[in-house]
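Here the structure is laid out as structure tokens; the discussion comes afterwards.
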Amino acid sequence: MAEIVLDKISKRYPDGTTAVEEVSLEIADGEFVILVGPSGCGKSTTLNMIAGLEDISAGDLLIGGERVNDKAPRDRDIAMVFQSYALYPNMTVRDNMGFPLKLAKMDRAVIRKKVEEAAKVLELTPYLDRKPANLSGGQRQRVAMGRAIVRSPKAFLMDEPLSNLDAKLRVQMRTQVSRLQKQLGTTTVYVTHDQTEAMTLGDRVVVMRAGRVQQVGHPQELYDHP
Ligand code: ADP
Ligand code: ADP
């Protein structure tokens, strides 16, 4: 079970900025939720609190029914995908994707198998022995996603993962992300400031404004009643 519950979560940064104020949200197991809103409304801060990259100032965060406010990021069993690919330039695609498993001291043969499975899903098999410099932007972003999925985490957290891609590739990747999420059925929270992305990608859209949740609904409802 990888239900994620935010119960009146707030974030106050040390300089006094209140970035997130009493945000409550129940994300079902397997659900694909989009956090959308203008720059500075608190999307990244919310995602970072779920990831454990930022402390929670008030409220409770539950993952799979367990309160995780004080758990370190590595103990939350979730994988993060950022807009910058953050791949290791000197490692092959295979080694980049397998790296989290190597850190977890997993057996080499098991790593190999898991990486090859993920590569298949992401259509990266032909590129396993290449280095990131010899890949297109979309391929690199898929490697970054591959590195997240090899761990079979409880949840994916994605922060504007497509915003560095050109417009055409972004549209193609949207379809891929959506397909991948359905195929894996992993609970996903996806941050974007792009309205079109928000309307086309997820099962549910959460509109944030000035640190609060302004609206929650299915993409079509929000589109019909903006
Ligand atoms: P978004 O992801 O929607 O662009 P952020 O979560 O990055 O929004 O930021 C929300 C608010 O918190 C903004 O006003 C931003 O300037 C502020 N903020 C973000 N990080 C910090 C920080 N480390 N210290 C102080 N204020 C911050
Ligand atoms: P985003 O792409 O999410 O909008 P930003 O460019 O706003 O990110 O922020 C990049 C980094 O700067 C983040 O680590 C964020 O926490 C930090 N940051 C953002 N706003 C502030 C702020 N007002 N004071 C201090 N740090 C900030």
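Numbers for the structure displayed
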{"item": "Residue that is nearest to ligand 1 (Cβ to nearest atom), among those in the range 127-168 that are among the polar types (S, T, N, Q) and in a helix (DSSP H, G or I)", "result": "141"}
{"item": "Extreme residue, nearest to residue 159 (Cα to Cα), among residues of the range 4-33 that are within 14 Å of ligand 2 (Cβ to nearest atom) and either without any contact (Cβ under 8 Å) to a residue 40 or more places away in the chain or surrounded by fewer than 22 Cβ atoms within 10 Å (Cβ to Cβ) (or both)", "result": "19"}
{"item": "Filter pass, residue 89 being more than 16 Å from ligand 2 (Cβ to nearest atom), open to solvent by 30 Å² or more (accessible area, probe 1.4 Å) and touching a helix residue (DSSP H, G or I) at 6+ places or on another chain (Cβ under 8 Å)", "result": "yes"}
{"item": "Hits in the range 73-86 (condition: out of contact with any Lys or Arg (no Cβ under 6 Å at 6 or more places or on another chain) and either open to solvent by 30 Å² or more (accessible area, probe 1.4 Å) or within 16 Å of ligand 1 (Cβ to nearest atom) (or both))", "result": "73, 74, 75, 80, 81, 82, 83, 84, 86"}
{"item": "Test: residue in the range 181-190 that is part of a helix (DSSP H, G or I) and of a type in the set (Val, Ile, Thr)", "result": "no"}
{"item": "Residue, most open to solvent (accessible area, probe 1.4 Å), within the range 37-46, restricted to residues that are among the polar types (S, T, N, Q) and either in contact with a Pro (Cβ under 6 Å, 6 or more places away or on another chain) or part of a helix (DSSP H, G or I) (or both)", "result": "44"}
{"item": "Verdict on residue 222 being within 16 Å of ligand 2 (Cβ to nearest atom) and not in a loop (DSSP other than H, G, I, E, B)", "result": "no"}
{"item": "Out of 197, 221, sole residue that is within 30 Å of residue 19 (Cβ to Cβ) and surrounded by 15 or more Cβ atoms within 10 Å (Cβ to Cβ)", "result": "197"}
{"item": "Residue count, the range 195-219 (criterion: closer than 16 Å to residue 39 by Cβ and at pLDDT below 90)", "result": "1"}
{"item": "Within the range 50-64, tally of residues that are open to solvent by less than 20 Å² (accessible area, probe 1.4 Å) and within 13 Å of ligand 2 (Cβ to nearest atom)", "result": "1"}
{"item": "Long-range neighbours under 8 Å by Cβ, at least six apart or interchain, first residue more than 29 Å from residue 13 (Cβ to Cβ) within the range 211-222, second of a type in the set (D, E, K, R) and assigned to a helix (DSSP H, G or I)", "result": "none"}
{"item": "Candidates 139, 176, 183, filtered to the one that is more than 11 Å from the chain's Cα centre (by Cα), under 20 Å from residue 33 (Cα atoms) and surrounded by 15 or more Cβ atoms within 10 Å (Cβ to Cβ)", "result": "176"}
{"item": "Neighbours by Cβ (under 6 Å, 6+ apart or cross-chain): first from the range 147-158, over 19 Å from residue 27 (Cα atoms); second among the basic types (Lys, Arg) and surrounded by fewer than 24 Cβ atoms within 10 Å (Cβ to Cβ)", "result": "150/114"}
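Residue-wise test of (1) open to solvent by 70 Å² or more (accessible area, probe 1.4 Å); (2) part of a loop (DSSP other than H, G, I, E, B); (3) within 16 Å of ligand 2 (Cβ to nearest atom); (4) farther than 18 Å from residue 151 by Cβ.
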site	(1), (2), (3), (4)
35	no, no, yes, yes
48	no, no, yes, yes
97	no, no, no, no
106	yes, yes, no, no
112	yes, no, no, no
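The values are calculated or read from the model by the stated rules, or taken from the named source; none is laboratory data. What you are looking at is a predicted structure, and each value in this text was computed from that prediction instead of being measured. Counting neighbours? That spans all protein chains shown, and the Cβs are built from the backbone with ideal geometry, glycine included. The area values use the complete protein model at the heavy-atom level, side chains included, leaving out ligands, DNA and RNA. Shrake-Rupley method; radii C 1.70, N 1.55, O 1.52, S 1.80 Å.
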